[in-house]
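Engineer: Let me begin by handing over the structure; questions about it come next.
The values are calculated or read from the model by the stated rules, or taken from the named source; none is laboratory data. Bear in mind the structure is a predicted one, so any value in this text is a computation, not a measurement. Note that each Cβ is placed from the backbone with ideal geometry, even for glycine, and that neighbours are counted across all protein chains shown.
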Amino acid sequence: MRFSNFTKEINNNLITIPEWVIDRSENWAVIGNNGSGKTLLGEILSAPEISESVGYISFEKVEALLEEERKKDDTDFMDKLDPGTLVKDYLSDLKGVFDLENIKDRGLKFLSTGELTKVVILKELEKNPDYLVLDEPYDGLDIESQGTLYNFIEELIKSEITLILILNRESDIHPLISHVAFMHNNRLILQGEKDDILNSESFNTIRHFSGNIPETLPGIEKFSNEVEELILFNNVSIAFGETKVLNNISWRVNTKDHYKIIGPNGSGKSTLLKIVSADNHQSYGQDITLFGMKRGTGESIWDIKKHIGLVSSTLQKDYRVSISVLNVILSGYFDTIGLYDIPTPTQISEAKEWIKIIGLYDKKENSFKELSYGEQRVILIIRAMVKHPKILILDEPCLGLDQVNRELILLLLDSIAKKGETTLLYVSHRKEDYIESIKKELYLEPSENGSLAIKKERE
């Protein structure tokens with residue numbers, strides 16, 4: 001695969017590759033900050049006019065499959081839940097690198113992000129490609145699956161497939177990767193042998209975060225030290241059809257009880273968070289109290305949502321309205337997708353201060369849709385923060401973020417936890433995505449009768 005003075009416009013972005021030769025004996029990692037053009041480069045590499053034998057897996061491709069399954073959902077016309085395409089019907093062979101035996105009879109649309117990613121990787125490998133482009137393959141995978149994929153990538157590197165990894169994290173560059181390319185401002189500016197690139201002064205100057213979090217964050221006030229019970233679950237069980245997801249979960253969260261919620265893909269983490277955010281209808285009939293309101297006693301979901309900030313892949317996928325970056329952040333004050341209320345001058349001023357902190361002030365009037373996936377994720381995190389909610393739900397908030405933005409967001413979240421009254425509920429499969437203020441863990445341990453909750457406390 002060879003590029004020379006190559007340019008191509010994709011989604012109003014001009015991607016430039018001055019010179020780049022990918023020899024079949026080499027394996028590459030493409031890295032760069034959010035908005036640098038990495039994913040667009042992946043789309044170019046997988047285009048038929050570049051090579052007829054390229055396999056391509058990305059988060060966007062996984063989401064497109066999920067959206068296609070949702071469009072074909074005939075549940076409304078059936079007297080039972082439409083499972084859609086089953087895993088065992090989607091794949092020719094279930095005996096791949098991942099153990100899919102426990103999900104083979106489930107519909108694709110009912111898989112977790114990590115489970116669906118595994119399925120899509122195996123589907124692409126059925127084509128026996130010469131080149132395989134994996135865009136952020138580790139994102140959304142639990143720790144065990146990350147290890148499995150790591151070993152699998154090693155086997156791919158040793159095989160006849162030429163591997164190209166598109167990554168935000170340098171820590172995800174496999175030791176056997178031979179070469180690195182670096183994207184910046186939609187241009188491939190560095191490429192060569194791995195050690196030469198990673199140790200170069202120009203690379204390290206652009207790549208690493210050296211800023212400071214302001215001493216005072218926008219909108220933070222002096223809060224009282226009163227402890228409030230925010231969440232109370234008593235023997236809560238949730239099932240989808242005959243599949244039990246959560247089994248007799250009892251859990252209490254008070255003000256400042258910051259929790260990291262962990263567990264394998266499919267263990268019910270997202271289901272648990274949907275109960276807290278009033279997005280799971282099975283909450284009714286369960287012994288659940290949120291912010292002093294027992295579910296099913298006449299409270300509306302908006303009585304609950306006004307106390308909650310939320311960041312998740314689902315929210316990012318659903319935020320499709322074409323409005324400016326500034327207005328997306330302002331919509332966080334009103335819990336709406338789109339801005340339909342008139343914000344106050346104070347709210348506008350605070351939103352602009354937040355945009356300055358994350359370094360995207362020059363894009364505040366840009367359309368949200370024009371941003372890269374990572375930039376969108378940063379904006380949605382700020383959208384969740386602006387109203388300083390009683391609970392901030394963070395479902396894989398660092399997914400898709402480069403090293404600079406990841407460090408920034410983790411520092412911001414730690415600052416929010418220390419300086420305000422907001423309680424963090426944080427889901428992450430990455431040990432390195434560490435927030436100092438979080439001292440408690442809720443581990444969801446899968447069992448045949450649904451996941452059990454194991455609570456731990458860190459000193």
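Engineer: Out of the residues in the range 380-404 meeting the condition of being under 13 Å from the mean Cα position of the chain (by Cα) and in a helix (DSSP H, G or I), tell me which one is farthest from Y259 (Cα to Cα).
Structural biologist: Step one: list which residues in the range 380-404 are under 13 Å from the mean Cα position of the chain (by Cα), which gives 380-381, 393-402.
This time we only want the ones that are in a helix (DSSP H, G or I), so: 380-381.
Numbers: L380: 20, I381: 17 Å.
In this case the residue turns out to be L380.
Engineer: Any idea which of K352, K317, K369 is at pLDDT 90 or above, assigned by TED's automatic domain parsing to the domain that holds D395, of a type outside the set (A, V, I, L, M) and part of a helix (DSSP H, G or I)? Please lay out each step first, then the result.
Structural biologist: Working: K317 fails: at pLDDT 90 or above; K369 fails: at pLDDT 90 or above.
Answer to the selection: K352.
Engineer: May I ask you to say which residue of I189, I153 is out of contact with any helix residue (DSSP H, G or I) (no Cβ under 7 Å at 6 or more places or on another chain) and either closer than 24 Å to L371 by Cα or part of a loop (DSSP other than H, G, I, E, B) (or both)?
Structural biologist: Values: I153 fails: either closer than 24 Å to L371 by Cα or part of a loop (DSSP other than H, G, I, E, B) (or both).
After ruling out the rest, the residue left standing is I189.
Engineer: Scan the range 419-459 residue by residue and report those that are more than 19 Å from the chain's Cα centre (by Cα) and within 20 Å of N405 (Cα to Cα).
Structural biologist: Scanning the range 419-459 gives E436, S437, I438.
Engineer: Would you pick out the residues in the range 11-46 that are modelled with pLDDT of 85 or more, of a type outside the set (K, R) and loosely packed, with under 14 Cβ neighbours inside 10 Å?
Structural biologist: Once the filter is applied, which keeps residues that are modelled with pLDDT of 85 or more, of a type outside the set (K, R) and loosely packed, with under 14 Cβ neighbours inside 10 Å, the range 11-46 yields L14, P18, E19, V21, D23, S25.
Engineer: Residue pairs, Cβ under 7 Å, 6 or more apart or interchain, first in the range 345-372 and without any contact (Cβ under 8 Å) to a residue 12 or more places away in the chain, second part of a helix (DSSP H, G or I). List them.
Structural biologist: As it stands, the answer is Y361/I355, since those pairs meet every condition given.
Engineer: Please verify whether the range 366-384 includes one or more residues that are out of contact with any helix residue (DSSP H, G or I) (no Cβ under 7 Å at 6 or more places or on another chain) and farther than 20 Å from T314 by Cα.
Structural biologist: no
The rows are residues; the columns are (1) assigned to a helix (DSSP H, G or I); (2) outside the structural domain of E43 (by TED's automatic domain parsing); (3) in contact with a helix residue (DSSP H, G or I) (Cβ under 7 Å, 6 or more places away or on another chain).
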residue	(1), (2), (3)
K109	yes, no, yes
G114	yes, no, yes
L122	yes, no, no
Y138	no, no, yes
L141	no, no, yes
S145	yes, no, yes
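Engineer: Now for a separate question. Please verify whether S46 is closer than 17 Å to F3 by Cα and of a type in the set (S, T, N, Q), treating the condition exactly as stated. Please lay out each step first, then the result.
Structural biologist: On the way: closer than 17 Å to F3 by Cα: yes; of a type in the set (S, T, N, Q): yes.
So S46 passes the test.
Engineer: Take the conditions at pLDDT 90 or above and within 27 Å of the chain's Cα centre (by Cα) and apply them to I308. Does it pass? Give the derivation first.
Structural biologist: Values: at pLDDT 90 or above: yes; within 27 Å of the chain's Cα centre (by Cα): yes.
Considered against the rule, which asks whether it is at pLDDT 90 or above and within 27 Å of the chain's Cα centre (by Cα), I308 comes out as yes.
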